[in-house]
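Chemist: My questions all concern the structure below.
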Amino acid sequence: MSTSFETWRDRLERLRANKLFESVVIAIIILSALLIGAKTYEETTRFEQVLRVFDVGVTVFFLVEILIRMAAERRLRDFFKKGWNVFDFLIVTASLVPLDDSEMVLLARLLRIFRVLRLVSMIPELRILMVALVKSIPRMGYVALLMFIIFYIYGAVGSFLFASVDEKLWGNISLAMLTLFQVATFESWATAVLYPTMEHYPYAWIYFLTFIFLNAFIFLNMMIGIVLDVMQKESLAIELESGEGEAAELHGLRDDVRQLRSQLTRMEALLGERATSAVDKGAQG
C-alpha cells in the first residue's frame, strides 16, 4: 500500500514539474481572465449558459490542479510552508463560491477576478517583481512621508498665495494639495493651473517648477531606485540559493568519491594481504 502511494506521489510530482503542465495551467488562467472580461459585454448575454459551463470547467480544473500539487508533497504541511502555495490555495478556495445564489453572485464574480493573479505565482519573473514590490514598500513609505510633507508645505503656501485666483483650486489646504497632485501627474496642469495663476502672479512659475522638480525628478527617482535595489538583491539571493544547491550537490558527489576511494583502498589492502598469505603458504609448501 505504501509502495503504491509512493509511486502515485512520484507520478504526481513529475506531472507538477512538467513544463507542458505548467503551460496548460497558465493558458487556463488566461482563458479564465478572458471569460471574466467577456461577461462585462452585453453582447455575451446570449452565451451566458456557455460561459457558465466554461467557468465551471475552469474552476474544476483549478481545483484538480491544486489537489495534484498538494498530493505531490511528501507531507501536506510542506505545501502550506510556501507562501505562494497558500496564495494559490486561497484563490482556488474562493473560486468555489457558487454563482447560482443571487445573494452571493456579486461576491463570487469579484472573487473570480482574482484568479488572474495566479499568473504571478506561476511565472518566476513575476514572483520576483511582486516580492521586490512588497519588500520595497517599507522603504518607499518614508519617501511617501517626505512627499506628503512637501505637498503639505506647498499646499499651505499655495492656499495663502493663490486663493484669490481660483477658490475651487486653492480655497483651502486640502483643495490645494489635490491641485498639486494634478500638477505632479502633469494632467493639463499648464492650461488649467499654471497659466491662470501667472495672469495674476507672473512669478508663480517658480513655485510650480520647484514643486515639479522635487516630485518628478527627485522623489520619483528615489522610488524607482528603491525598487531596483530590492530587485537586484532578490535576484542575487535567488542566484546564491541556486549556487548553494549546486555546491551542496557537488559536495555530496565529492563525499561519494571519497567513500569509493576508501573502499577501493580497503579492497586493495585486503587483496594484498590475501596475495601475501597465498605466497607464504606456497613457500611453506
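Chemist: Using heavy-atom solvent-accessible surface (probe 1.4 Å) with all chains present, what is the largest-first order of TRP170, TRP84, TRP205, TRP189?
Modeler: On the way: TRP170 0, TRP84 70, TRP205 110, TRP189 45 Å².
Sorted descending by solvent-accessible area, the residues read TRP205, TRP84, TRP189, TRP170.
Chemist: May I pose another question? Please calculate how many Å² of accessible area the range 18-89 carries per residue, with a 1.4 Å probe and no DNA, RNA or ligand atoms counted.
Modeler: 64
Chemist: Could you grab the Rg to Rh ratio for the range 91-200? Cα atoms only, Kirkwood for Rh.
Modeler: Over the Cα atoms of the range 91-200, Rg/Rh equals 1.23.
Chemist: So if R0 is 45 Å, what FRET efficiency would TRP84 and TYR201 give, r being the distance between their Cβ atoms, rounded to the nearest 0.05? All intermediate terms of the calculation are to be shown ahead of the outcome.
Modeler: Numbers: r = 55 Å, r/R0 = 1.21.
FRET efficiency, TRP84 to TYR201: 0.25.
Chemist: Just to verify a number: FRET efficiency for VAL134 and MET267, C-beta to C-beta distance, R0 = 45 Å, to 0.05?
Modeler: With a Förster radius of 45 Å, E is 0.20.
Chemist: As an exercise, use a Förster radius of 35 Å and the Cβ-Cβ distance of SER235 and SER188 to find the FRET efficiency, rounded to the nearest 0.05.
Modeler: For R0 = 35 Å, the calculated efficiency reads 0.35.
Chemist: Sequence neighbours fewer than 8 away in the same chain don't count; with that in mind, list the lysines whose C-alpha is under 28 Å from LYS19.
Modeler: LYS81, LYS82, LYS233
Chemist: Per residue, how much accessible surface does the range 116-167 expose to a 1.4 Å probe? Answer in Å², no decimals.
Modeler: Ligands and nucleic acids excluded, the figure is 59 Å² per residue.
Chemist: Accessible area of the range 76-233 with a 1.4 Å probe: how many percent of it is carbon plus sulfur?
Modeler: Here carbon and sulfur together make up 73 percent of the probe-accessible area.
The values are calculated or read from the model by the stated rules, or taken from the named source; none is laboratory data. The structure displayed is predicted, hence computed values, not measured ones. Don't worry about glycine lacking a Cβ; one is built from the backbone with ideal geometry, like all the others, and counts go over all protein chains shown. Areas reflect the complete protein model, heavy atoms only, side chains present, ligands, DNA and RNA absent. Shrake-Rupley method; radii C 1.70, N 1.55, O 1.52, S 1.80 Å.
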